[in-house]
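Novice: Have a look at the structure that comes next, please.
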Amino acid sequence: SRQAGTAMAVGGGFSIVDSLQDTIRNRGKAREISIQSGGDISRDALLKQSDALSQKYGFTVGSVLDAADRYGAKSGDYSGASGVLENILKLSNATGGDPEELAAVAGIYKANNQNASQDDVDRWLRTSAGMGRKGSVDMRELAQYGGRISAASGLFANKNTAFTELSAITQVAAAKGGAMDAAGSTEAVKRFAEDISNNRDAFKAMTHGTS
């Protein structure tokens, strides 16, 4: 019984040490994000939000903060990081996607289309997550190349419709259109969109001249 008691004490000691290390790390991470945001996000407010979200969606506080940091690093918009967290965690639970990966894709979409609202980015992320589960270009690849799609979508009046359609074309190009990989399919779609955008008058003349 003494050995068992010793083992429990040692185990409990490790748990306390681990918990303390997590707390120190989380405070440090929240402080870094606060600094990167120029003070727009306070350390304590971010910690409180992360704790609440971790309990609501079943992630560790550290994972929530890592997602916020990943979004800020990819988008350059640390001030907006706290605003994206809940939708990212909700989507992660719904799709099984990694929160950091989803945050990276969201950040890339924002970085490549600065005029996009947070609602736009959330909608694009849901579209990508849905297509990524069924298609040939997954979220990990979109974390590298997806910015081409969001950038191309900004060339059109209805960027949300454009994003959905260009995303679908990307998946088809990767699966059946001869593109070798995600890099090739996203680049092809980006050029296609640019061609349409740069030749609007010619396209209009052609379509209006046919019946």
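Novice: Filter Lys90/Lys190; Lys74/Lys190; Lys29/Lys74 down to the pairs with a C-alpha to C-alpha distance above 22 Å, please.
Specialist: Pairs exceeding 22 Å: Lys90/Lys190.
Novice: Give a residue-ordered list of calculated ³J(HN,Hα) values for region 152-169 (Karplus: 6.51 cos²θ - 1.76 cosθ + 1.60, θ = phi - 60°; whole Hz; x for Gly, Pro).
Specialist: Result, rounded to whole Hz: 5, 5, x, 7, 10, 4, 9, 5, 6, 5, 4, 4, 4, 5, 5, 5, 5, 4.
Novice: Using R₀ = 22 Å, calculate the FRET efficiency as 1/(1 + (r/R₀)^6) where r is the Cβ-Cβ separation of Ala45 and Thr23; round to 0.05.
Specialist: So the FRET efficiency works out to roughly 0.85.
Novice: Separate question: Per-residue HN-Hα couplings for region 33-44, Karplus 6.51 cos²θ - 1.76 cosθ + 1.60 at θ = phi - 60°, whole Hz, x for Gly and Pro?
Specialist: So the Karplus estimates, Gly and Pro as x, are 5, 4, 5, 5, 7, x, x, 5, 10, 7, 4, 5 Hz.
Novice: Heavy atoms only, probe 1.4 angstrom, no DNA, RNA or ligands counted: give me Ser63, Ser19 ranked by accessible area, highest first.
Specialist: Ranking Ser63, Ser19 by accessible area, largest first, yields Ser19, Ser63.
Novice: For a Förster distance of 30 Å, can you work out the FRET efficiency between the beta-carbons of Glu32 and Asp119, rounded to the nearest 0.05?
Specialist: Once the sixth-power term is evaluated, E becomes 0.65.
Novice: Calculate the FRET efficiency for Asn160 and Thr60 from the Cβ-Cβ distance with a Förster distance of 41 Å, rounded to the nearest 0.05.
Specialist: E(calc), rounded to 0.05, equals 0.80.
The values are calculated or read from the model by the stated rules, or taken from the named source; none is laboratory data. Bear in mind the structure is a predicted one, so any value in this text is a computation, not a measurement. All Cβ positions, glycine included, derive from the backbone under ideal geometry; neighbour counts span all protein chains shown. The accessibility values were calculated without ligands, DNA or RNA, using every heavy atom of the protein model including side chains. Shrake-Rupley method; radii C 1.70, N 1.55, O 1.52, S 1.80 Å.
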